[in-house]
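Notes for the one structure printed next.
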Amino acid sequence: MITEFGHVALILAFLVACIQAVVPMVGAYKRWPGWMAVAEPAATSQFLLVGASFAALTHAFVTSDFSLRLVVLNSHSAKPMLYKISGVWGNHEGSMLLWVLILALFGAMAAWFGGNLPPTLRARVLSVQAAVGVAFLAFILFTSNPFLRMAVPPFDGQDLNPLLQDPGLAFHPPFLYLGYVGLSICFSFAVAALIEGRVDAAWGRWVRPWTLAAWIFLTIGIALGSWWAYYELGWGGFWFWDPVENASFMPWLFAAALLHSAIVVEKRESLKSWTILLAILAFGFSLIGTFIVRSGVLTSVHAFANDPERGVFILLILAFFTGGALTLFAARANVMEAKGVFGVVSRESALVANNILLAVSSFVVFIGTIWPLVAEMFFDRKLSVGAPFFEMAFTPFMIVLGLILPIGAILPWKRANLSRSFPVLYPALALAVALGGLAWAMQSGKTLLGPIGVFLGTWVVAGALTDLYTRTGRSRDLTRLLRLPRADWGKAVAHGGLGVTMLGIAGLMAWEVEDIRTVQLNEPFTVGQFELTLTDVQQIQGPNYFSTTGTVNATKDGAFVATLHPEKRNYPVAQMPTTEAAIDYRFMRDLYVVLGDEQDNGGWAMRTYIKPLANWIWAGCLLMALGGGLSLSDRRTRVAAGARKAPEGVPAE
C-alpha cells in the first residue's frame, strides 16, 4: 500500500509541476496576480509530493520489501541499516528520484524565501524551475520507475554493490546532488531574467546566495568522493580523472566562476552577459554530467546505468533546456548592457581573469572527457585520455589562477595602481619563495611539482591572510578583524582553503613513497623511515561479508607508531571482493597499507605508501566549504536586494 502511495504521489507531483510550469508564466506575461500566485503553493505541493514518494521508497528499503524490483536488485536483509538507507540512492532509479526531490526542494525554497523578489520575476523563476521538474519527472515515470513490482517476490535481495557500502559513499551522493541540482535555480534565475528583460545589481544579489549554496555542497560532495576513492579503492590515489569525477568537477569550476562574476554584477553592474551565460553553462554541465552517468556512453566505475534509451531522453532534456536558454540568451542580448566601467588594473579585471581561467580549464576537462567518444564516432578509433593529459593541460591554468588570486583580492574596485597595492603582499611573496626554495633544497633529483606547489599554496594562503590584515586599517588595530563582515572572513577562509589543497596535492604527488613486495609473517621490512611487521592474518566474519584481516605494526627509529589492520573483504551475496586500506592519519603524512593475496610461498602481497600532506587536500576542501558557509551566513548575502527603486510617482512592482 505504501509503495502504491509513493507511485501515485510521484504522478501527482508531475501534474502539479505541469501546472506550475504554465500558469505562473502566463500570469507573469499578462500581469495577472492570481495566476502568478499559483507558483508558491504549487512549488510547495510539488516538493511535499516528491518527498512523500521518496519516503515511500525509503520505507521499502528499510523494511526489505522484496516485492519491489528495485529493493531486490539493490538490497539484502543482512545489510546494515545505514546501507539499506543509502541503497535508496545507490542505483539509477532511486538516485534520479533523489535528483528530483532536491530539484523540488530548491524550487520550494525559492518560493519560501523569495518574498522580496518582484512578483513577475518570482513567478517566472518558479515556472522555469518547474519546467525542469516536468522533464525529469517524465524521465522517471516513463523510463526509470522505481516502484515496479516483482511478479514473484524472492526470499532475499541481491545486495548493494559492495563498493557503495561505505560511509563516504552513503553521504557523497546527497551532497553532490545538492550542488548539481542546486545550480538549477541559478539557471532558472538566468532564464527568468532574460524573459523579464532585467539584469541588474539586484539580480546579481538574488542569484549569488543560491550559487554559493550549490558551490558549497558541490565542494563537500566532491571532497567526500575523493576521500572515499583514497581509502576504499586501495590504489592510494585521490583523483583518477574518471569521466564521472570530471562530470562533477566541471560544474564546480563553472559555479566558482559564476560566484565571482555575480559579485561584479552586484557591485558594478558589469559582466551581465557573461554572468547569465555562466549560469546557463553551469547547469548545462550538470546535465552533461547526468547524461554521462546515466547513459553509459563513457565507461566509468561510477556509472549507474548503461541504457541508450535513457541516455537519449536525458540528451533531449539537455538539448531543450541548454539550447533553448542559449537561443534566448542570443535573442535578448540587448537587455544586458553593461553600466560599470573599470580599468585594466582593478578588482573587476582580476575577477574577469579568474572567470576566464576557470571557464577555460573546465572546457579543457570537458574536451579530455569527451574526446574518446568523438574519436570513436568520427574517426573509428578507440582511445583513452588519462591523467597525464589532464595534469599537463589543466595544471597551468590553476598555477596562473593561484598567482593572481592574492593580487586580485587586495586590488580596489574600478581602478587600481599596482605599484601602490602590491607592496602589502611582499611578506607573503617572501614567505612563499622561502618555503618553495626550502622544498627545492630538501629534495634531490625529483619533480619540480613539489617546490612549485609549495610556493603556490603558500602564496595563496599567505595572500588570504594578508587580505585580512589589510582590513585592520592604517592603525593595524587587530580588533577590527572581529568586526569584519562574515563575507570578508568567508572569502579569506575559502581562498586559504584552496591554497591548503594545493599544498596537499603537490606534497602527495611529488614526494610519495611506494613499496610493493611479498611479506612473510613476523619478518620486518623497511619503507622510508618506517619499519613494518606483518604479525598476523585472521579470517573474520562481518555482518554481510567475510574478511581477511592483517595486523601490521609500524615503528620509527625503534619507537612504536601504529598498529594497522588492512582487510580484503568478500561479499558472498554480491560475489564481489573489496579492499579496505589501513591508514595511520597524521598531520604531515599518512602511512597507508594494503593487504593483497596470499602467495604460494606462504607470504602475503602488500603495498605500502607514505603520503606526505595527504590530509591537507581534504582539510583545504573543508576550509573552502567553511568559507562559503561564512559568506552565506552574512546577512548581506542571505537577504536578497529589494525590488529596484521606482522613480518618484511611479509605484514599484
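The values are calculated or read from the model by the stated rules, or taken from the named source; none is laboratory data. Computed from a predicted structure; not experimentally measured. All Cβ positions, even for glycine, are placed from backbone atoms using ideal geometry, and neighbour counts span all protein chains on display.
If you go through the stretch 318-334 one residue at a time, how many are crowded, with 18+ Cβ neighbours inside 10 Å and closer than 15 Å to residue 134 by Cα?
2
For residue 393, indicate whether it is outside any helix (DSSP H, G or I), in contact (Cβ under 8 Å) with a residue 24 or more places away in the chain and among the hydrophobic types (A, V, I, L, M, F, W, C).
no
Evaluate the stretch 123-132: report whether one residue or more is among the charged types (D, E, K, R), surrounded by fewer than 23 Cβ atoms within 10 Å (Cβ to Cβ) and more than 25 Å from the chain's Cα centre (by Cα).
no
Quick one: what pairs do we get from the stretch 130-150, first residue more than 12 Å from residue 96 (Cβ to Cβ), second among the small types (Gly, Ala, Ser) and surrounded by fewer than 20 Cβ atoms within 10 Å (Cβ to Cβ), C-beta under 8 Å, 6+ apart or different chains?
Listed pairs, sorted by first residue: 149/67; 150/67.
Restricting attention to the stretch 508-526, which residues are among the aliphatic types (A, V, I, L, M) and more than 35 Å from the chain's Cα centre (by Cα)?
519, 521 - these are the residues of the stretch 508-526 that are among the aliphatic types (A, V, I, L, M) and more than 35 Å from the chain's Cα centre (by Cα).
For the stretch 379-405, enumerate the residues that are under 22 Å from the mean Cα position of the chain (by Cα) and polar (S, T, N, Q).
395
Just a yes or no: is a residue in the stretch 170-180 touching a Leu at 6+ places or on another chain (Cβ under 6 Å), modelled with pLDDT of 90 or more, outside the structural domain of residue 86 (by TED's automatic domain parsing) and more than 19 Å from residue 95 (Cα to Cα)?
No.
If a residue must be in contact with a helix residue (DSSP H, G or I) (Cβ under 8 Å, 6 or more places away or on another chain), small (Gly, Ala, Ser) and crowded, with 16+ Cβ neighbours inside 10 Å, how many such residues does the stretch 339-348 contain?
So the answer is 1.
I need a count of the residues in the stretch 1-44 that are over 30 Å from residue 66 (Cβ atoms) and either surrounded by 20 or more Cβ atoms within 10 Å (Cβ to Cβ) or in contact with a Cys (Cβ under 6 Å, 6 or more places away or on another chain) (or both).
15
For residue 345, indicate whether it is of a type in the set (A, V, I, L, M) and not in a helix (DSSP H, G or I).
Considered against the rule, which asks whether it is of a type in the set (A, V, I, L, M) and not in a helix (DSSP H, G or I), residue 345 comes out as yes.
List the helices (runs of 4 or more DSSP H) that sit entirely inside the stretch 413-481 and contain at least 3 residues that are of a type outside the set (S, T, N, Q) and crowded, with 16+ Cβ neighbours inside 10 Å.
426-442, 449-470
Please enumerate the residues belonging to the stretch 114-140 that are polar (S, T, N, Q) and under 21 Å from residue 11 (Cβ atoms).
Selection gives 127, 129.
Of all the residues that make up the stretch 431-490, how many are of a type outside the set (Lys, Arg) and on the phi > 0 side of the Ramachandran plot?
Matching residues across the stretch 431-490 total 2.
For residue 72, which of the numbered conditions (1) within 21 Å of residue 186 (Cβ to Cβ); (2) of a type in the set (A, V, I, L, M); (3) over 27 Å from the mean Cα position of the chain (by Cα) fails to hold?
The single condition residue 72 does not satisfy is (1).
Looking only at residues in the stretch 538-579 that are of a type in the set (Ser, Thr, Tyr), under 19 Å from residue 607 (Cβ atoms) and under 32 Å from the mean Cα position of the chain (by Cα), which one is surrounded by the most Cβ atoms within 10 Å (Cβ to Cβ)?
578
Looking at the stretch 56-157, what helices (runs of 4 or more DSSP H) fall wholly within it and have at least 2 residues that are within 17 Å of residue 17 (Cβ to Cβ) and out of contact with any His (no Cβ under 8 Å at 6 or more places or on another chain)?
92-113, 119-143
Between a first residue in the stretch 53-73 that is in contact (Cβ under 8 Å) with a residue 60 or more places away in the chain and closer than 8 Å to residue 3 by Cβ and a second residue that is of a type in the set (Lys, Arg) and surrounded by fewer than 19 Cβ atoms within 10 Å (Cβ to Cβ), which pairs have beta carbons less than 9 Å apart while being 6 or more apart in sequence or on different chains?
67/149; 68/149
Would you confirm whether any residue within the stretch 513-536 is in contact with a Gly (Cβ under 8 Å, 6 or more places away or on another chain) and part of a helix (DSSP H, G or I)?
no
Which of the numbered conditions does residue 527 fail, given that it passes all the others? Conditions: (1) among the β-branched types (Val, Ile, Thr); (2) over 30 Å from residue 606 (Cα atoms); (3) in contact with an Asp or Glu (Cβ under 9 Å, 6 or more places away or on another chain).
(2)
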